[in-house]
Amino acid sequence: MRKTELMTLAVLAASISGWVGVNAEDSDSKQAQTARTNAEDFAAMEAATEQGVDPATMSQWRGDGEEHDVDWVAEELEKHKVTSPTDNAHLIGKGQGTTYGNVTEQNVKTWDRETFKEAVDGSRVFHSSDELGSEIGVSCDMCHPDGSNTHPETYPKFQVQLGRVALLRDMINRCIENPVKGKILKPDAPKMRALEAYIYAQRKGTPLSYGKR
Amino acid sequence: MAMKRRPIIKSVETKYYEQRDALFQGLQNLDRRSFMKVSMAAMTAALAKGVEFHYHNFLPVNVVNAAPKPSLGGETGAAAAGEVRAEGFTFAYISDSHIYERELNDRFVRQLLRAVDDINSLDPQPDFVLYGGDIAQLGAPEELKLCAEILKSVKAPVKMMVGEHDWFLDLGERWMDLFGAPNYSFDHKGVHIAVLQSVHEEDFWTERGMTPEQRMMTVAGLDNGIQSRFKVGAPQRAWLQKDLEKYSADTPIIVFSHSPLYHYYKPWNFWTEDAPEVQTLLHHFESVAVIHGHTHQMLTNRIGNIHFHGMASTAWPWPYAPEGLPALTVQMNRADPFNASDGLGDGTVHVSPDGLVDKLYNLWNRNPVQVTSRYVNSNGRDAIPQQPNLKSY
């Protein structure tokens, strides 16, 4: 009795506003369309991969923005050596039987590219007194060519001049504040993250030894 | 529970005044006769041991430069050996000041002024002062003008050498206007001295369509890989060969070059590409010393008859390169990042009549270090300078 009443009310309301029929029909057709599109694209992608469609088109299709970044990365690398990240190619084809399957070549490329880009961005900041906001035309590379003598593996360590245990970012900020005379960076500022990435990259392979003086 | 006793930590000043008080207390307790006896005995004992009293400390200390006593067999160090000779001379050096205009960066300007003060207060004054190159940071006319003004206050005559930072904005035009030819030679008290322009580079800029400013900025970055390697160049090598022809093999030769005249570390241009060719021109001389700038660190090398000494910078210290460091180098301890003048300084070079040089690094924040010809000649076995106990990472 009560159920019937409710349903009647709902149908009545819907028919008054004229929504029910139209909506149902519309959403159905859209869903069908979307499903079709995805399937087609997926097939196209698979076909393209097999047929060796040119990489630029594939890259554009994936929207990974590689072609957009290529200029500044190449420009920076022409000037300054940046250590490349650890090679993960040996992982291709391996996996743990998870939903997303095994590690692909594409995975490894993406990891490598994105990680390296962060370090290259750091190199750009490291070598530019303008990027560091220096008031006196000083940049990090003046005392630390190729990121040398930055010993990031020795942090954290107690730094009596700072009155506390310093992390790498504290020392970066100390240097920005004093020799460089720039504006200190927030710990999560993009430039700080990039600087840390570059400095760690340049010490690749050095064992961690926190507290080392 | 009993309170733990804290060790009493005394400051340097406290210890000084305690020593001072103890001495005067001791003196008061003596009558005049025994005072004379004590002090005479102390003086005699001290003098016999080649000991001097340090002026700000009441304890006798051994002085490295004390004149050697014949009875001691001249074991007091090679520095002293030079001083006994009647001839020879001393020149001072300042290098790598990298100054910007004062409005932009007065730190580097102040540091150059400090070096000028150091040199001006030397007594006796050096015969001349070598400026080791890279006096300006970006070779701008305003920078070079300021440099020239500052150098006018140097009391001794100044011998200029050019560095890449002075050169690559206008390829030396402005620098040569102010300071003259970049390569020249002269004789001084029987020693022949040749000054080189060792920072020529192959043209990397035309092809890339760089502006003079871009070219300068590229060379100004030590680790910038776009630039070429330094070279003296064939025309200047020909000039040097001709210049040296007039001198017999026993004439002491000193060469000033901005970059080290050997191969140390290529990626940072701690390097002169045609250094082997230049060395060939020098090998038949009995005594050759090369004094160079650019590396901003204590640096010593020997290749055959040629002794090489790097100069300290007044602007900032460079770390030692990851490879290629000459074995004879007495390393400068790593610089303290909390002290803006650490690892910096100026210095003097004592030239003995046979042309051998003793190089003194006057480091502002540290004990001076002397690298002697005896040390270099013995391949590091004798007269070993104070070794660092903290190395670079």
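Any read-out appearing in this document is the output of simple, stated calculations on the displayed coordinates, not a laboratory observation. Bear in mind the structure is a predicted one, so any value in this text is a computation, not a measurement. Here the Cβ is made from the backbone with ideal geometry for all residues, glycine too, and neighbour counts use every protein chain on show.
Hey, for a label at B:Arg110 modelled as a point 7 Å past Cα toward Cβ, could you say which residues of the stretch B:363-393 have their backbone N under 13 Å away?
None, by backbone N distance to the label point.
Which whole number gives the average count of other chain Cβ atoms within 10 Å of the Cβ atoms across peptide B:222-230?
Per-residue shielding by partner chains comes out at 4.
For the ranges B:16-23, A:196-203, B:343-350, A:111-118, what's the packing order if you count other beta-carbon atoms within 10 Å of each residue, average per peptide, and put the highest first?
Working: B:16-23: 11.9, A:196-203: 21.1, B:343-350: 24.2, A:111-118: 16.1.
Listed from highest to lowest mean packing, they are B:343-350, A:196-203, A:111-118, B:16-23.
What list do you get for B:Trp167, B:Trp205 if you sort them by fewest beta carbons within 10 Å?
Numbers: B:Trp167 26, B:Trp205 20.
The order, fewest Cβ neighbours first, is B:Trp205, B:Trp167.
Just list whichever of A:Lys109/A:Lys191; A:Lys109/A:Lys183; A:Lys117/B:Lys231; A:Lys79/B:Lys159 have alpha carbons separated by over 26 Å in the model shown.
Going by Cα-Cα distance, A:Lys109/A:Lys183; A:Lys117/B:Lys231; A:Lys79/B:Lys159 fall outside the 26 Å limit.
Bin all alpha-carbon pair distances of the stretch B:176-229 at 5 Å intervals from 0 and give each bin's fraction as a whole percent.
That works out to 4, 15, 19, 16, 16, 13, 7, 6, 3, 1, in percent per bin.
How far is it, in nm, from the label point at A:Glu75 to the one at A:Thr115 when both lie 7 Å from their Cα along the line to the Cβ?
2.7
Once the piece of chain linking B:Arg381 and B:Glu213 is laid out straight, how much longer is it, given 0.36 nm per residue of separation minus the C-alpha distance between them?
So the extension gain works out to 55.7 nm.
Starting with the fewest neighbours, write out B:Glu201, B:Glu143, B:Glu101 ranked by other beta-carbon atoms found within 10 Å of each beta-carbon.
Details: B:Glu201 20, B:Glu143 25, B:Glu101 17.
With the sparsest Cβ surroundings first, the list reads B:Glu101, B:Glu201, B:Glu143.
Quantify how strongly other chains surround peptide B:214-221 by giving the mean number of their Cβ atoms within 10 Å of each of its Cβ atoms.
2
Modelling each spin label as a point 7 Å along the Cα-to-Cβ direction, I'd like the A:Lys183/A:Glu135 distance in nm, to one decimal.
1.3
Going by C-beta contacts inside 10 Å, put A:Cys143, A:Cys175 in order with the fewest on the left. The partial results should precede the final answer.
Numbers: A:Cys143 23, A:Cys175 20.
Least crowded to most crowded, the residues run A:Cys175, A:Cys143.
Rounded to the nearest 0.05, what FRET efficiency is calculated for A:Arg193 and A:His90 with R0 set to 25 Å and r the Cβ-Cβ distance? Don't jump to the answer; show the numbers that get you there.
Working: r = 28 Å, r/R0 = 1.11.
So, using R0 = 25 Å, E works out to roughly 0.35.
FRET efficiency for A:Leu162 and B:Thr206, Cβ-Cβ distance as r, R0 = 56 Å, nearest 0.05?
Approximately 0.70, to the nearest 0.05.
Which number comes out as Rg/Rh for the stretch B:146-235 once both Rg and the Kirkwood Rh are worked out on C-alpha atoms?
Radius of gyration over Kirkwood radius for the stretch B:146-235 works out to 1.03.
Given a Förster radius of 30 Å and the C-beta distance between B:Leu390 and B:Ser228 as r, what FRET efficiency does 1/(1 + (r/R0)^6) yield to the nearest 0.05?
Efficiency for this residue pair is about 0.25.
Tell me, what is the percent relative contact order of the stretch B:87-377, built from C-alpha pairs under 8 Å that lie six or more residues apart?
Reported as a whole number, the value is 18 percent.
Residue by residue through A:134-140, how many Cβ atoms from other chains fall within 10 Å of the Cβ on average?
4
Per the Cauchy relation, a quarter of the hull surface: what is the mean projected area of the convex hull of the alpha carbons in the stretch B:87-377, in nm²?
Orientation-averaged projected area of the Cα hull: 14.2 nm².
Could you work out the relative contact order of the stretch A:110-213, using alpha carbon pairs under 8 angstrom and six or more residues apart, expressed as a whole percent?
39
Going down the table (B:Lys266/B:Lys391; A:Lys186/B:Lys145; A:Lys181/B:Lys145; A:Lys94/A:Lys204; A:Lys181/A:Lys204), which pairs top 30 Å between alpha carbons?
Beyond 30 Å: A:Lys186/B:Lys145.
So, with +1 on the Cβ of K and R and -1 on the Cβ of D and E, and no other charges, what is the size of the charge dipole of the stretch B:87-377 about its Cα centre, to the nearest 20 debye?
460
Ranked from highest to lowest mean number of other Cβ atoms within 10 Å per residue, what is the order of the peptides B:242-251, B:227-236, B:146-155?
By packing density, highest mean first, the sequence is B:227-236, B:146-155, B:242-251.
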